[in-house]
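Asker: Can you read through this structure? Questions will come right after.
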Amino acid sequence: MKTLWQNCHAATMAQGVYAIIEDAAIVTQGEHIHWIGPRAELPAGDYPAVNDLKGAWVTPGLIDCHTHTVFGGNRSGEFEQRLQGVSYADIAAAGGGIASTVRATRAASEEELFASAAKRLKSLLRDGVTTVEIKSGYGLDLASERKILRVIRRLGAELPVSVRSTCLAAHALPPEYKDRADDYIEHICTVMLPALAAEGLVDAVDAFCEYLAFSPAQVERVFITAQQLGLPVKLHAEQLSSLHGSSLAARYQALSADHLEFMTEDDAIAMAESGTVAVLLPGAFYFLRETQLPPMDALRRHGVKIAVASDLNPGTSPALSVRLMLNMACTCFRMTPEEALAGVTIHAAQALGMARTHGSLEAGKVADFVAWHIDRPADLSYWLGGELEKRVVRHGVEID
Ligand code: DI6
Ligand code: FE
């Protein structure tokens, strides 16, 4: 059955720009967009169900392509310490940081992790998110990573959102492998990834390439294993220092390299050539009070696609709103509201390998969209938090 949605304007985000259709009409059929265009050109036909969107602006459903939504505990105590001058690296070196979240996550039951993650995910959904990526990486042993990945799958099954799971076992060194990083990488490659992939729990593989995490050579070992398992890769790169992880990611046709404040122009060229998306995470930049900006001009000049995500995690970006990230992308990184919106729609879809089916309003794509009661698309980057009146359609069906 066809459903008509009309009396609206559309920012379709096709090709990464607003691509506005004023006085638009959208025809959905089942889960897909059957037709979209100016209402004056609507094909004649029988539309048994007609929805009046009352002048709303329709955008693709938002896509948060980088989150660590599943974890135990929280780290507001460390936030207080950092405000008194202790650095993120100092806290990590003293056994806090990621290690403290690993302890809390290992101690939590699957049920507890699901309950706390579902609350956070519902908060993201209130901003019109219809697709989210969630990483493991706070378990760091086979049983605990499996527990997190199972929770991620369950979130996708029980909440009205499409969920992609990424295995980030190479996030930090677990205490049992202290001073034996190569051995842990070996364990990831020979035991953890093969087992978790065989259980169908992994859609992509990520790693943290940083002087306080894993070296490019160790990351490469993980990438080779992912490739052997037929899984796409992503990378946390150039967040705190320049190790050229983003160029390494490009060599492995990574879907994305994320953070990137310290990347060089050569890294940008490599990413452009491989079609690797630059995922910028303004929440982490803001929360750590970083000052080194990602090289926006180089990214633009070389045509690297830019996505924006929440990085929702307890240590560096306790961000529960994707719209707030749009604002921070504009205020902190000088992105335009149009670039920021592309960053949470079509470019975010590309960062998840989903751009053929998601991320823009085009005939044939999945009918995930939001009808916002706003005056202009830039309003999405303008308001700081709060809730905007809207209707959300996922797979052609209006939710809540
Ligand atoms: N980069 C980050 O910003 C998060 N992970 C990563 O690789 C931080 C994770 C944490 O501090 O818990
Ligand atoms: Fe992250």
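The values are calculated or read from the model by the stated rules, or taken from the named source; none is laboratory data. This is a predicted model, so every value here is computed, not measured. Cβ placement follows ideal geometry from the backbone for every residue including glycine, while neighbour counts extend to all protein chains displayed. Accessible surface is based on the protein model in full, side chains and every heavy atom, while ligands, DNA and RNA are left aside. Shrake-Rupley method; radii C 1.70, N 1.55, O 1.52, S 1.80 Å.
Asker: Hey, can you tell me all the residues within the stretch 148-164 that are touching a Ser or Thr at 6+ places or on another chain (Cβ under 9 Å) and open to solvent by 30 Å² or more (accessible area, probe 1.4 Å)?
Answerer: Arg153, Pro160, Arg164
Asker: From the list Leu201, Leu229, which one is of a type in the set (A, V, I, L, M), touching a helix residue (DSSP H, G or I) at 6+ places or on another chain (Cβ under 6 Å) and open to solvent by 50 Å² or more (accessible area, probe 1.4 Å)?
Answerer: Numbers: Leu201 fails: open to solvent by 50 Å² or more (accessible area, probe 1.4 Å).
Result: Leu229 is the single residue among Leu201, Leu229 that is of a type in the set (A, V, I, L, M), touching a helix residue (DSSP H, G or I) at 6+ places or on another chain (Cβ under 6 Å) and open to solvent by 50 Å² or more (accessible area, probe 1.4 Å).
Asker: So, one more: Condition (residue is of a type in the set (D, E, K, R), surrounded by 15 or more Cβ atoms within 10 Å (Cβ to Cβ) and within 15 Å of Leu125 (Cβ to Cβ)) applied to the stretch 353-364: is it met by at least one residue?
Answerer: Narrowing the stretch 353-364 to residues of a type in the set (D, E, K, R): 356, 362.
With surrounded by 15 or more Cβ atoms within 10 Å (Cβ to Cβ) added as a condition, the list becomes 362.
Imposing the further condition that a residue be within 15 Å of Leu125 (Cβ to Cβ) reduces the set to none.
Within the stretch 353-364, none of the residues are of a type in the set (D, E, K, R), surrounded by 15 or more Cβ atoms within 10 Å (Cβ to Cβ) and within 15 Å of Leu125 (Cβ to Cβ).
Asker: Restricting the search to the stretch 313-327, which residues are within 16 Å of ligand 2 (Cβ to nearest atom) and open to solvent by less than 20 Å² (accessible area, probe 1.4 Å)? Even if it seems obvious, please write down each step before you answer.
Answerer: Quick first cut of the stretch 313-327, residues within 16 Å of ligand 2 (Cβ to nearest atom) only: 313-320, 322, 325.
Asn313, Pro314, Gly315, Thr316, Ser317, Ala319, Val322, Met325, listed by residue number.
Asker: Quick one: in the stretch 98-112, of everything that is among the hydroxyl-bearing types (Ser, Thr, Tyr) and touching a residue at least 40 places away in the same chain (Cβ under 8 Å), which residue is farthest from ligand 1 (Cβ to nearest atom)?
Answerer: Here the residue is Thr105.
Asker: Continuing with this model, one more query. Go through the stretch 204-223 residue by residue and tally those that are in contact (Cβ under 8 Å) with a residue 12 or more places away in the chain, more than 10 Å from ligand 1 (Cβ to nearest atom) and open to solvent by 50 Å² or more (accessible area, probe 1.4 Å).
Answerer: Residues meeting the conditions: 3.
Asker: Another question about this same structure. Are there any strands (runs of 3 or more DSSP E) wholly within the stretch 124-233 with 2 or more residues that are under 21 Å from Glu110 (Cα atoms) and within 16 Å of ligand 2 (Cβ to nearest atom), and if so which?
Answerer: Working: elements: 129-135, 162-170, 204-209.
The qualifying strands (runs of 3 or more DSSP E) are 129-135, 162-170.
Asker: Go through the stretch 130-144 and give me each residue that's closer than 23 Å to Gly353 by Cα and touching a helix residue (DSSP H, G or I) at 6+ places or on another chain (Cβ under 6 Å).
Answerer: Here is the first cut: in the stretch 130-144, the ones closer than 23 Å to Gly353 by Cα are 130-137.
Once the filter is applied, which keeps residues that are closer than 23 Å to Gly353 by Cα and touching a helix residue (DSSP H, G or I) at 6+ places or on another chain (Cβ under 6 Å), the stretch 130-144 yields Ile134, Ser136.
Asker: Now for a separate question. State all residues of the stretch 79-120 that are within 16 Å of ligand 2 (Cβ to nearest atom) and within 19 Å of Val163 (Cβ to Cβ); if no residue qualifies, say none.
Answerer: Residues satisfying the conditions are Thr105, Ala117, Arg120.
Asker: How many residues does the stretch 251-266 contain that are over 24 Å from Ile134 (Cβ atoms) and open to solvent by less than 50 Å² (accessible area, probe 1.4 Å)?
Answerer: Result for the stretch 251-266: 2.
Asker: Going residue by residue through the stretch 329-336, is there one that turns out to be more than 16 Å from ligand 1 (Cβ to nearest atom), touching a strand residue (DSSP E or B) at 6+ places or on another chain (Cβ under 9 Å) and part of a loop (DSSP other than H, G, I, E, B)?
Answerer: Within the stretch 329-336, one or more residues are more than 16 Å from ligand 1 (Cβ to nearest atom), touching a strand residue (DSSP E or B) at 6+ places or on another chain (Cβ under 9 Å) and part of a loop (DSSP other than H, G, I, E, B).
Asker: From the list Leu248, Leu299, Leu231, Leu235, pick out the single residue that is in contact with a Pro (Cβ under 6 Å, 6 or more places away or on another chain) and modelled with pLDDT of 95 or more. Reasoning before the result, please.
Answerer: Numbers: Leu299 fails: in contact with a Pro (Cβ under 6 Å, 6 or more places away or on another chain); Leu231 fails: in contact with a Pro (Cβ under 6 Å, 6 or more places away or on another chain); Leu235 fails: in contact with a Pro (Cβ under 6 Å, 6 or more places away or on another chain).
None of the other options fit; the residue is Leu248.
Asker: What are the pairs, 6+ residues apart or on separate chains, where a residue within the stretch 309-328 that is outside the structural domain of Val129 (by the TED database) has its Cβ under 7 Å from a residue that is open to solvent by less than 10 Å² (accessible area, probe 1.4 Å)?
Answerer: No pair meets every condition.
Asker: Evaluate the stretch 293-306: report whether one residue or more is within 16 Å of ligand 2 (Cβ to nearest atom), part of a loop (DSSP other than H, G, I, E, B) and within 21 Å of Tyr138 (Cα to Cα). First the steps, then the outcome.
Answerer: Here is the first cut: in the stretch 293-306, the residues within 16 Å of ligand 2 (Cβ to nearest atom) are 294.
Filter again for part of a loop (DSSP other than H, G, I, E, B), leaving 294.
Next cut, within 21 Å of Tyr138 (Cα to Cα) only: none.
For the stretch 293-306, residues within 16 Å of ligand 2 (Cβ to nearest atom), part of a loop (DSSP other than H, G, I, E, B) and within 21 Å of Tyr138 (Cα to Cα): absent.
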